[in-house]
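What follows is a set of notes on a single structure, which appears directly below.
The values are calculated or read from the model by the stated rules, or taken from the named source; none is laboratory data. For clarity, every value in this text was computed on a predicted model and none was experimentally measured. Because the Cβ atoms are built from the backbone with ideal geometry, glycine has one as well, and the counts that use them run over all protein chains shown. With ligands, DNA and RNA removed, areas are computed over all heavy atoms of the protein, side chains included. Shrake-Rupley method; radii C 1.70, N 1.55, O 1.52, S 1.80 Å.
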Amino acid sequence: MRFSWRGLAREALRGHAGWTPHWRSPEQPQPGYDVVILGGGGHGLATAYYLASQHRPGRIAVLEKGWIGGGNTGRNTTIIRSNYLFPESAALYDHALQLWEGLSLALNYNVMFSPRGVMMLAHSQHDVQSGLRHVHANRLAGVDNEWLTPAEAKAFCPPLDTSAAIRYPVLGAALQRRGGVARHDAVAWGYARAASALGVDIIEGCEVTGIDRDPVSGAVTGVQTGKGPIRCRKLGVVAAGSTSLVMAMAGLRMPLESFPLQALVSEPVKPVFPCVVMSNTVHAYISQSDKGELVIGAGTDQYPSYSQAGGVQILGHTLEAICEMFPIFRRMRMLRAWGGIVDVTPDRSPILSRTPVPGLYVNCGWGTGGFKATPGSGHVFAATIARDEPHPIAAPFSLDRFAGGRLIDEAAAAAVAH
Amino acid sequence: MLLIACPWCGDRPELEFRHAGEAHVTRPADPAAVSDAAWTGFLYERQNPRGLYRERWRHLHGCGRFFNAVRHTLTDRFLGSYPPGGEPPA
Amino acid sequence: MRLPAGGRIDRDRPLHFTFDGRAYTGYAGDTLASALLAAGVSIFGRSFKYHRPRGLLAAGAEEPNALVEIDRGPGRREPNQRATMVPLEAGLVARSQNRWPSLRLDVGALAGLAAPLLPAGFYYKTFLGPRRDSWHRLWEPLIRRMAGLGRAPDAPDPDRYGNRFAHCETLVVGGGPAGIVAALTAAESGGRVILCDEQEELGGSLLATPEVMIDGQPCWESLAAAVAELRANPQVRVLTRTTAFHYGLQNFVALAQVLDRADGLRERLWQVRAGRVLLATGAIERPIPFPGNDRPGVMLAGAARSYCARWGVLPGQRAVLLAAHDSGYAAAFALADAGAAAGAGAVVPVILDLRAAPPEALVAAAAARGITVLAGHGVVETIGAGRISGLRAAPLRPDGTPDRGRATAMACDLLLMAGGWTPNVQLFSQSRGRLRWDAAADAFLPGGSPEAQASLGACNGTTELGAVLQEAAAAGRGEAQAAAAPAVPTALPIRAIAAGAVAARKAFVDFQNDVTTADLALAVREGFRSIEHVKRYTTTGMATDQGKTSGMMSLAVTAAVLGRDLPEVGLTSFRPPYTPTSFGTLAGRHRGAVFDPGRTAPMHDWAVEQGALLEPVGQWLRARAFPRGAEDLQAAVARECLAVRQAVGILDASTLGKIEVVGPDAAEFLERCYANAWHGLAPGRCRYGLLLREDGFLLDDGVVARLAPDRFHVTTTTGGAARVLHLLEDYRQTEFPELQVWLTSTTEHWGVAALQGPRARRVLAPLVEDLDLAALPHMGVAECRVAGFPARLFRVSFSGELGFEVNVPANRMPALWQALWQAGAPQGLTAYGTEAMHVLRAEKGFIIIGQETDGTVTPDDVGLGWAIGRKKRDFIGKRGLARAGMAAPDRRQLVGLAPADGRRPEEGAQLLAGARRAEGHVTSAYDSACLGRPFALGLLAGGRARHGETVFATRRDGPPQPLTVGSPVAWDPAGERLDG
């Protein structure tokens, strides 16, 4: 059923009795599929959707251990931007951003993409140099990014304290106007609904416990699951924090560590914060949801963990930074805090790759910033799986880049030193 | 905030410590002799287990010493800690 | 109305306050809610989505409706305060919120007319077009204006927030009867005890039940005695208005204490590590879903009992109780008795009981009070304009739904709901304890826990007071918990209550977020089966009360729609904080200057006196330049640079990281860590050292001096000091434990004055003792005395000029500086800052880690391949450098860039040659007074082989500008000036 005002009005007249499930979630999977996607988060569902809509490789299933969108998709602060330094990264994230811009209409599901502008603050000469380098690199690559003076930054975000006397004064800011936020749950649900409509089976509550391989060729032949064995020709692993565990089932060790990442929201208030602001120096990441909550990203804990819970001191450190940059928020209250598990690579860039195991593909390592890439990641990963060769945008993000030293080290490139 | 047992100083809050990665990742004695793949394994590949995890900590704001600990990464509970080169608790 | 007597308020202390501009009077001991209720106010707020008028539902922290703005003056305005938790104070200014123009007449309530069009999740199905950006441009602004509750503060908060760490043997959370007894017995058993409670006074449920007797004594008297005993015990710390909001690992519990002290200390964060935690967090009463259950005047039975007993307020004159649980009767009787005593007549004429057969004893007790009990009855709808004025009740059909055809109307101004109780297991759950479904208690109860903890009383499903006190005393003494006696079912199970309301219209489950049973049913119909999905789709349980009154009923309704049992559907996770906690409390004292304490070099104060411009560099605040008179930064830097090149300049270089490396194996240790060769370095000589990461990329650099065969003075970058020491310690302790070497950070021990310029020796020489300065070669080091102070004197240059760095103990630095300053005056000694330092080093092609390098740069990339000890078998990063791709000819290499058009390029500008593809970038760019032109350094693909080529640098203000590629060394390429 297409979503529209007309449909809503028709249903309103009969007590909304006619709505049907957004996606089909069969209790039992088929005995076999052509492609199985392991992981029903945004990236996995997007992969399934683009496979089904653009490549038609046969029957497709998404296996999700819990409920779809319940991992980092439903736990992140939804910042979307593409102003990355290296051309490889900018190409990937801008590909995603272009898909975001038409996603609601494409999926017939309002993902509430809101390009309200993402502003990244500079607090030192080093930050300014780094910020300007990003601006120059992005503009050359056709990615919008502009430099603001402190006064312009204040005009764009009135709650920001731009006085010169504070501990880390704002010396400037890089602004990507096309950047913004979206409604995280809707992304998972919208992709699930669209994929389901194209025949994809979305199996929730289905944990994968083993990967079956051909004894001769080593190729993937299927998976063992809590709902029985499932045959498949190709297996795409999109399991975020659990990637190391899944890949170990195929005998592969990954360049990944999984860390707890926390986020929090305030109580809802009337519109007060018009954009997204990030500061890597003081560790403040903030926007305001359509519901009115201030949505604030915190840092990772220092130790790897799968507990989905972090220390209260991490929240405190984050709120110190928020109160310092936005002193009017000191009397606001934290309503809810939560944790996710992020898988981090040595160069903090993702892995979108074939693997040494034929038929096994992996999409992981998004660290703290994977949400923004969801459509682009799914799109190029689907192509990589369907053609068994890396999509040009995915090619630099191969698993073997670590052995060759061809790292895409955005974090190091922005690192503070002097 | 974790409560961490430094083998020399006893139980202290996590604020005094810095995590130092997976334990028992041995630097090859002759790095020049190992293959690119083996070197990549040493540099980057980690077990990252969901379960018992042997890790390194440094009592940075204390005695300054590095040590090893065994922690369950799902519950974050410690089984114990031990000096570098020592044997993990069973 | 206020009862003529009773309650715990001080009727001799009236307090005047305003709500929405209107003046009211309450008493000391009132909350804002009880005072307004006493004054006859029934509408306290508007709901989030439909802007429906709402009254008080509860009397405590779980209140979802009565959210108000409290205004204590500029910077002290706070939104979304629960009126039930605001102690009344003189002059309090409170306002309603989320309404326009007024609480009674709210235009936003028109949303209610469109409610059929706005079911759960309507926004996912609509606002899709017509254009790609229609959501953002057109619809989102409308939605955002309608959403949100109160207004954010609009000025910086002037108040302060404290922070304390505490340790105790026993932390008791909750100061009701269970918590008090547990704290008392724990204190008797020895050890420190902390008891916290979110309310202003201890007592918990006892505060609402003065008629209850403990040991033959009215409970309020027992309570007073127990509280006095607790307060008198020096081992016990009692914290009221203090909420345990976060339960972390290993019994680490965070408490938020409200102080509102006159000196501006508003709240305090306690971080408590406890030997054991006793949770006595009580239970919260469940509302009952039925049509119109959100109308002002519909209240939880227990809350009404609290208002009556604790604050002497009769919340209605004609009340009907809708009971699914025995406890409602006690509340109804308390109101009836209070009303009768006050001559208010028959305050409670009718009890509707959802159960077909309520306990006979209760029915009889009701009859004795003249109350009619209608068993097996439910509410068909409530009636009233604003506040409730009546309802229609009907007998229930076998499926639990009211038979509308047999409904009868009755007048009332208060409808009490007694839906049973939900134990407060949030903190238990936060501690990663496992919850178990207990069918008899009709609730999730604490199960196994990894922590040393116990749950007591109502939060553990123990409800009978005698059993509660026994359980608490045993727990306080540290005795193992006896298996709880199986609870006696006293209520209609929540699943049955839910089943009767699934088809009801406007039967609210989440009051604040306007989620009805129909919304939950819709979510299930649309395929949302997981309770987490249902919660996210409908927003139930996501309001500021965090689902305290709605969570269990949402689950029950969802289970009923799915046709499953409640525990099968599962529970959404409980996330911290327990109640909303202010940012300020969590941020504590870390604000302003101590947000991140700044580090300053020994000459900082002097620099400030001289009018220096400061810049943050990592944690340090450094002098960037010393403008004189009307000079701007550029003019000051030009003057400072010329002074160094032509005369002599002085820089406070104390921020450089310094590590003393000592021991018989010191040289071997450096040999294995740094890329350079060290064994051959003679004592008294320095070498420029490079430290790499294992992957081969540059991490840090600095001059390393050998003072003696077994002693090195290693310098690092200002920002890299801690990182380098950590890395070196790691290798020392874990990779090379066999080496006899020790590392000590001496960054703060040495003050460093850098004298640079052709006249540097002339300034310094007269002050030097124990050393022939003229004989000290470039890259030499000596221990001597300077200006009478013991010093390490380096002859090094970061400017290309003759240069010295004088290290003296940091506390001697001001005196040394003064001596140099006086001695230098005749030579034109000029203080310079970091900006001139940068220009001078760039003119010489010297790199700065973090500016020319970015974590992807090898030594060879920046022309430092010469520094690497080629013959060394191993050092950190050697193997990394040997990987394919690390020595490719097209790697980006350091070059000098001369603008052909005389304009200074921008740092970060991308370098192009023909194609619109970046071949590198500008890393440093300055106007050079010495060269008389702007110049730049950059990293350019294959740059070393491209000297003489023209490349282009992108500009933000126009087309790319041409630059001529050349050597990075623009000043004195032959190095002739090092000797002055």
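The table that follows gives values for the structure above.
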{"read-out": "Residues located in region C:186-202, provided they are buried (at least 24 other Cβ atoms within 10 Å of the Cβ) and not charged (D, E, K, R)", "value": "C:Ala186, C:Val193, C:Ile194, C:Leu195, C:Cys196, C:Leu202"}
{"read-out": "Matching residues in region C:248-288 - criterion: being of a type in the set (Phe, Trp, Tyr) and more than 12 Å from chain B (Cβ to nearest Cβ)", "value": "C:Trp270"}
{"read-out": "Failed criterion for A:Ala137 (all others in (1) over 18 Å from the mean Cα position of the chain (by Cα); (2) without any contact (Cβ under 8 Å) to a residue 40 or more places away in the chain; (3) within 9 Å of chain C (Cβ to nearest Cβ) hold)", "value": "(2)"}
{"read-out": "Residues of region C:712-751 that turn out to be under 14 Å from C:Ala653 (Cα atoms) and within 12 Å of another protein chain (Cβ to nearest Cβ), as a count", "value": "5"}
{"read-out": "Hits in region A:104-118 - residues which are surrounded by fewer than 24 Cβ atoms within 10 Å (Cβ to Cβ) and more than 8 Å from chain C (Cβ to nearest Cβ)", "value": "A:Ala106, A:Gly117"}
{"read-out": "Residue among A:Ile286, A:Ile322, A:Ile296, A:Ile341 that is hydrophobic (A, V, I, L, M, F, W, C) and open to solvent by 10 Å² or more (accessible area, probe 1.4 Å)", "value": "A:Ile341"}
{"read-out": "Residue ID - farthest from C:Asn513 (Cα to Cα), chosen from residues in region C:61-85 that are over 23 Å from the mean Cα position of the chain (by Cα), touching a residue at least 12 places away in the same chain (Cβ under 8 Å) and open to solvent by 10 Å² or more (accessible area, probe 1.4 Å)", "value": "C:Pro74"}
{"read-out": "Restricting region A:247-276 to residues that are open to solvent by less than 10 Å² (accessible area, probe 1.4 Å) and more than 14 Å from chain C (Cβ to nearest Cβ), the residue that is nearest to A:Asp400 (Cα to Cα)", "value": "A:Met254"}
{"read-out": "Unique residue being buried (at least 24 other Cβ atoms within 10 Å of the Cβ), within 43 Å of the chain's Cα centre (by Cα) and not small (Gly, Ala, Ser) when the list is C:Leu881, C:Leu911", "value": "C:Leu911"}
{"read-out": "Single match in C:Thr856, C:Thr923 (criterion: within 27 Å of C:Ala974 (Cα to Cα), polar (S, T, N, Q), within 14 Å of chain A (Cβ to nearest Cβ) and not in a helix (DSSP H, G or I))", "value": "C:Thr923"}
{"read-out": "Matching residues in region C:657-687 - criterion: being aliphatic (A, V, I, L, M) and either under 30 Å from B:Arg27 (Cα atoms) or not assigned by TED's automatic domain parsing to the domain that holds C:Tyr731 (or both)", "value": "C:Ile659, C:Val661, C:Val662, C:Ala666, C:Ala667, C:Leu670, C:Ala675, C:Ala677, C:Leu681"}
{"read-out": "Residue ranges of strands (runs of 3 or more DSSP E) in region C:60-163 with at least 1 members assigned by TED's automatic domain parsing to the domain that holds C:Val524", "value": "none"}
{"read-out": "Hits in region C:305-343 (condition: assigned to a strand (DSSP E or B) and either within 26 Å of C:Pro359 (Cα to Cα) or open to solvent by 10 Å² or more (accessible area, probe 1.4 Å) (or both))", "value": "C:Ala319, C:Val320, C:Leu321, C:Leu322, C:Ala323, C:His325"}
{"read-out": "Residue satisfying condition, being at pLDDT 95 or above and among the aliphatic types (A, V, I, L, M), within set B:Ala37, B:Ala20, B:Ala32", "value": "B:Ala20"}
{"read-out": "Check on C:Gly461, closer than 30 Å to C:Gly175 by Cβ, open to solvent by 10 Å² or more (accessible area, probe 1.4 Å), over 37 Å from the mean Cα position of the chain (by Cα) and assigned by TED's automatic domain parsing to the domain that holds C:Gly179", "value": "no"}
{"read-out": "Output for region C:707-753, where each listed residue is aliphatic (A, V, I, L, M) and more than 32 Å from the chain's Cα centre (by Cα)", "value": "C:Leu707, C:Ala708, C:Val714, C:Leu728, C:Leu739, C:Val741, C:Leu743, C:Val752, C:Ala753"}
{"read-out": "Residue within region C:82-104 that is at the interface with chain A (Cβ under 9 Å from one of its Cβ atoms), within 30 Å of A:Pro21 (Cβ to Cβ) and among the polar types (S, T, N, Q) present", "value": "no"}
{"read-out": "Every residue from region A:325-338 that is touching a residue at least 12 places away in the same chain (Cβ under 8 Å) and open to solvent by less than 10 Å² (accessible area, probe 1.4 Å)", "value": "A:Met325, A:Phe326, A:Phe329, A:Met332, A:Met334, A:Leu335, A:Ala337"}
{"read-out": "Residue list for region B:8-29, filter: in contact with a strand residue (DSSP E or B) (Cβ under 7 Å, 6 or more places away or on another chain), surrounded by fewer than 18 Cβ atoms within 10 Å (Cβ to Cβ) and either assigned to a loop (DSSP other than H, G, I, E, B) or away from chain A (no Cβ under 11 Å) (or both)", "value": "B:Asp11, B:Arg12, B:His24"}
{"read-out": "Residue within region C:527-537 that is within 12 Å of another protein chain (Cβ to nearest Cβ), among the hydrophobic types (A, V, I, L, M, F, W, C) and closer than 17 Å to C:Leu435 by Cα present", "value": "yes"}
{"read-out": "Meets criteria (modelled with pLDDT of 95 or more, under 44 Å from the mean Cα position of the chain (by Cα) and either within 13 Å of another protein chain (Cβ to nearest Cβ) or farther than 23 Å from C:Leu840 by Cα (or both)) for C:Ala945", "value": "no"}
{"read-out": "Residue check for A:Val362: modelled with pLDDT of 95 or more, open to solvent by less than 20 Å² (accessible area, probe 1.4 Å) and touching a helix residue (DSSP H, G or I) at 6+ places or on another chain (Cβ under 9 Å)", "value": "yes"}
{"read-out": "Residue selected from region B:30-46 under the condition more than 20 Å from the chain's Cα centre (by Cα) and assigned to a loop (DSSP other than H, G, I, E, B), by the criterion surrounded by the most Cβ atoms within 10 Å (Cβ to Cβ)", "value": "B:Val34"}
{"read-out": "Hits in region B:61-73 - residues which are facing another protein chain (nearest Cβ under 8 Å) and crowded, with 19+ Cβ neighbours inside 10 Å", "value": "B:Phe66, B:Arg71, B:Thr73"}
{"read-out": "Lone qualifier among A:Gly180, A:Gly131, A:Gly205 - being small (Gly, Ala, Ser), touching a residue at least 40 places away in the same chain (Cβ under 8 Å) and more than 8 Å from every other protein chain (Cβ to nearest Cβ)", "value": "A:Gly205"}
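Every residue, every condition in (1) more than 7 Å from every other protein chain (Cβ to nearest Cβ); (2) modelled with pLDDT under 95; (3) not in a loop (DSSP other than H, G, I, E, B), yes or no:
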| site | (1), (2), (3) |
| --- | --- |
| A:Met278 | yes, no, yes |
| A:Val282 | yes, yes, no |
| A:Lys291 | no, no, no |
| A:Ile314 | yes, yes, yes |
| A:Ile322 | no, no, yes |
| A:Arg331 | no, no, no |
| A:Gly339 | yes, yes, yes |
| A:Pro356 | yes, no, no |
